[in-house]
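Data first, discussion second: the structure below is written as C-alpha cells.
The values are calculated or read from the model by the stated rules, or taken from the named source; none is laboratory data. Being a predicted model, the structure only gives us computed values, none of them experimental. Neighbour counts run over all protein chains shown; Cβ positions are idealised from the backbone, glycine included. Accessible surface areas use protein heavy atoms only, side chains included; no ligands, DNA or RNA. Shrake-Rupley method; radii C 1.70, N 1.55, O 1.52, S 1.80 Å.
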Amino acid sequence: MTFDQIQYFIAIAECNTYFDAAEELNISQSALSKQIIKLEKELGVALLDRSKNPVIATEAGEVVLERARETLRAYDNIRESVAELK
C-alpha cells in the first residue's frame with residue numbers, strides 16, 4: 001500500500017467517479033484504476049462498488065476510507081512538524 005494509492009482511493013470515494021477523481025489528481029483514469037485494483041488485490045477485498053453510479057465504497061471500503069484519512073492526517077502532521085524545525 002502506498003500513499004499514492006491511499007490518496008487515489010480517498011479521491012474516488014469523495015468524488016464518486018473515476019473521471020472526476022482522475023481530473024482532481026491530474027492523472028489518467030486508467031492509471032487510477034490500475035492503482036486501485038492493486039490496492040484491492042493487496043488487501044484481498046473490493047473497496048468500491050463499481051456497479052453503482054456513482055461509485056460507492058463497499059463496507060470494507062468504508063473501513064479503509066476512515067483509516068486512510070487518519071493515515072494522511074498523520075502524514076501531514078509529520079510533514080508540518082518537520083517543516084517547523086527547518
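Brief remarks on what is shown
- Helical contribution to [θ] at 222 nm, DSSP H n ≥ 4, -39,500 (n - 2.57), averaged over the chain, rounded to 500: -24000 deg cm²/dmol
- Top positive-direction residue, dipole computed over the chain with Cβ charges, set Ser28, Ile12, Asn53: Ser28
- Highest mean packing comes first when the peptides 31-44, 8-21 are listed by Cβ atoms within 10 Å, giving 8-21, 31-44.
- Of the residues Glu24, Glu59, ranked by 1.4 Å probe accessible area with the largest first, the sequence reads Glu59, Glu24.
- Accessible-area rank, largest first, for Ser30, Ser51: Ser51, Ser30, with all protein chains present and a 1.4 angstrom probe.
- Estimated vicinal HN-Hα couplings, Hz - region 36-49 in sequence order (Karplus 6.51, -1.76, 1.60; Gly, Pro = x): 5, 4, 4, 5, 4, 5, 4, 7, x, 9, 7, 9, 10, 8
- Computed over the chain: relative contact order in percent, which uses C-alpha pairs under 8 Å that are six or more apart: 29
- At R0 = 22 Å, FRET efficiency that the Cβ-Cβ distance of Ala31 and Leu85 yields, to 0.05: 0.05
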